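Input: a single structure, listed below in structure tokens.
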Amino acid sequence: TSAKQWWKDAVCYQIYPASFKDSNGDGLGDIPGILSKVDYLKDLGIDIVWVSPMYTSSRRRFDSPQVDMGYDISDYEKVYAPYGTVKDMEALIAACHERGMKLILDLVVNHTSDQHAWFKESRSAKDNPKRDWYIWKPPRYAEDGTRLPPTNWRSYFSGSTWEYDEHTAEYFLHLFAKEQPDLNWEKPETRKAIYDSAMRFWLDKGVDGFRVDVVNMYSKGVGFKDAPIVDSRFYEQPAWLYYANGPRMHEFLREMNEQVLNKYDAVTVGELPHTPDPDKVLDYVGAGDKQLSMVFQFDIVDIGQGKDHKYHLEEWRLPLLKGIVAKWQQFIDGTDGWTTVFCENHDQGRSVSRFASDHPSHRAHSAKMLSMMLCALTGTLFVYQGQEIGMINVPRSWPIDAYRDIESVNFYKTMAAESRNDPAELEYVMRSLQVLGRDNARLPMQWDGSAHAGFTDREEGAWMRVHDAYQEINVARQVQAGEESVLGFWKKMIRFRKEHRDVLVHGVFEGFGMEDENTFVFGKKGAGGEKVAVALNFTADEHEVELPGYGGLQFVVGSYGDAGEAERGAQGRVRKLRPWEGRLYLGR
Ligand code: TEU
């Protein structure tokens, strides 16, 4: 890898500031809290720290900050006061750099907060110079004179994407909350203001790049047309085909590179929902036409979500997951594109709970097995806070009051109204949230077995309830247990990945027995001739696997500490794997 592409070999760790570490006893995580844990991250083997939004947002909701946990920004150049100051951020950048780590920020420029000065001006009058920095449209009227929004699009957080503003008698567009109006990227002046305020300000302070929020929604598609009705329960319909991947997307990203990113050699990882077509993804990440270094493609995290509604739980089987992994591993073969390896972030249920088992007797094995899979895949690896200790979803017994996320709360309210509080319907809603809800990933980080999991000193506890199982699943306990723990295993796998980067980070993927519903066997071939075989059991029962016919395969890592003994004297290519076990072999 050339020095210019340092980010390909990197392992990146995502921090969600509200839930990582509270340093001042207010119950909310903060930047000094992150600073106190940089050595922990270095020790884990992290190369890039990604901090989710820590910018100013001037609203409060429940006892949590902001409307969408900081993805509603009212000033790109200031830090949200409960998190700290710009000086604290400078100290964090320096602390990462001193340890040879990079720091990237979240770039959220599809929308701002409605409290941003730009929007306040835009909203003030139809002839304000910033009026068309946002997207305003006049109402439609039904035959009986009822006022209707310009389209029937459904927002991500329930209800319409349009909010009527009495003051000027027009609607503005918001794909997310009504407090998150969409910026109008068609205006060159708006784009310039975004580059200066949201990007140059921080790049000049030394940040090394950005995770780019909903990067494919700046150009709003093919005009403002009604979406077809696929969910007849509601007026508002899923409409991503009408606003994602619009005609000017690539032009905007080329401009962003020419005007800003190239001057700093900054890395970018774009969030790319609703884009299952590999050719379309390649348009964003092909190195020849520089737009984004890499993207988060959504197939893996969309597993189990409904087509008509995200929270419409769908049954799925292992071949689906294996096929998705294979698809995105093979997508870069023979191209100049690059890919990411991830299965968690702050918007998703925990991987142990979603893709394996969080049953007390299986969750540690599950977490290690998933770690082995991820660490053996080609691409830049992203780990989400708490994944390295195998944190799990919210307990099933928690009621809706324990949830904080605007998406979950609005969904619950919408369904309660729609079903007239039908208990069966509401039970299903809670089940969906317990599997897929974004709050699953937002519980406070479990640092130790003391009160509030060592996340905060505040007597009343954290802004969001701490997981009931924090005494069993926490960092301190796993540090003590060493290599046998989930944390110890992650550390070992990350080290191993770096030692064998030719085959693990850059190798060519090959799947075996792809229709098998219980196990996942794959191989990797490095350009230098090294080969790796990985065998994973995705069930709670014993299963036999057949290893690939590579020459001289030698067992090297097992997710069960005693796998070496089981391997001693093993003959041929067939192995028996225990529940949720993973084994890795090297060959030539
Ligand atoms: O998410 C955008 C997105 O497409 C989804 O991942 C979203 O979280 C949800 O699943 C829609 O149902 C990004 C951020 O990651 C998310 O936290 C923000 O809420 C959103 O953009 C708006 O900025």
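The values are calculated or read from the model by the stated rules, or taken from the named source; none is laboratory data. Please read all numbers here as calculations on a predicted model, not as lab measurements. Cβ coordinates were reconstructed from backbone atoms using ideal geometry, including for glycine residues, and neighbour counts include every protein chain displayed.
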*Please tell me if Asp208 is within 20 Å of Val86 (Cβ to Cβ), more than 16 Å from the ligand (Cβ to nearest atom), buried (at least 18 other Cβ atoms within 10 Å of the Cβ) and acidic (Asp, Glu).*
yes
*Considering (1) in a loop (DSSP other than H, G, I, E, B); (2) within 12 Å of the ligand (Cβ to nearest atom), say which one Phe296 fails and leave the rest.*
(1)
_Residues that are more than 19 Å from Phe224 (Cα to Cα) and within 16 Å of the ligand (Cβ to nearest atom): does region 139-157 have at least one?_
yes
_Cβ-Cβ distance below 8 Å, separation of 6 or more or different chains: which pairs start in region 422-440 with a residue that is touching a residue at least 60 places away in the same chain (Cβ under 8 Å) and within 28 Å of Gln387 (Cβ to Cβ) and end on one that is away from the ligand (no atom under 12 Å from the Cβ) and among the hydroxyl-bearing types (Ser, Thr, Tyr)?_
Val429/Tyr412; Leu433/Tyr403; Leu433/Tyr412; Val435/Ser353; Gly437/Tyr403; Asn440/Ser353
*Before we move on, is Asp405 touching a Gly at 6+ places or on another chain (Cβ under 7 Å) and under 30 Å from Val267 (Cα atoms)?*
yes
*Among the residues of region 306-320 satisfying the criterion of being away from the ligand (no atom under 16 Å from the Cβ) and without any contact (Cβ under 8 Å) to a residue 60 or more places away in the chain, which is surrounded by the fewest Cβ atoms within 10 Å (Cβ to Cβ)?*
Glu315
*asked:* Among the listed residues Ser450, Ser432, Ser366, Ser361, identify the single one that is among the polar types (S, T, N, Q), over 18 Å from the mean Cα position of the chain (by Cα) and within 19 Å of His309 (Cα to Cα).
replied: Ser432
*Where residues in region 111-130 are more than 16 Å from the ligand (Cβ to nearest atom) and not in a loop (DSSP other than H, G, I, E, B), which of them is surrounded by the most Cβ atoms within 10 Å (Cβ to Cβ)?*
Ser122
_Segments classed as helices (runs of 4 or more DSSP H), wholly inside region 320-437, with at least 2 members that are assigned by TED's automatic domain parsing to the domain that holds Gln478 and hydrophobic (A, V, I, L, M, F, W, C)_ = 351-355, 363-375
*Filter region 449-476 for residues that are surrounded by 18 or more Cβ atoms within 10 Å (Cβ to Cβ) and at negative phi and give the result.*
Phe455, Thr456, Ala462, Trp463, Met464, Arg465, Val466, His467, Tyr470, Ile473, Asn474, Val475
_I need a count of the residues in region 231-251 that are away from the ligand (no atom under 15 Å from the Cβ), touching a helix residue (DSSP H, G or I) at 6+ places or on another chain (Cβ under 7 Å) and either within 14 Å of Met294 (Cα to Cα) or not basic (Lys, Arg) (or both)._
1
*asked:* Would you confirm, using the coordinates I've provided, whether Val222 is among the hydrophobic types (A, V, I, L, M, F, W, C), surrounded by 18 or more Cβ atoms within 10 Å (Cβ to Cβ) and closer than 25 Å to Phe252 by Cα?
replied: no
*Kindly establish whether Gly337 is within 30 Å of Met391 (Cα to Cα) and small (Gly, Ala, Ser).*
no
*asked:* Please go through region 150-164 and give me each residue that is more than 29 Å from Ala193 (Cα to Cα) and over 26 Å from the mean Cα position of the chain (by Cα), ordered by number.
replied: Asn152
*Looking at region 371-403, which of the residues that are in contact with an Asp or Glu (Cβ under 9 Å, 6 or more places away or on another chain) and surrounded by fewer than 21 Cβ atoms within 10 Å (Cβ to Cβ) is nearest to Phe355 (Cα to Cα)?*
Pro395
_In region 230-285, residue nearest to the chain's Cα centre (by Cα) [restricted to those that are of a type in the set (Lys, Arg) and modelled with pLDDT of 95 or more]_ = Lys280
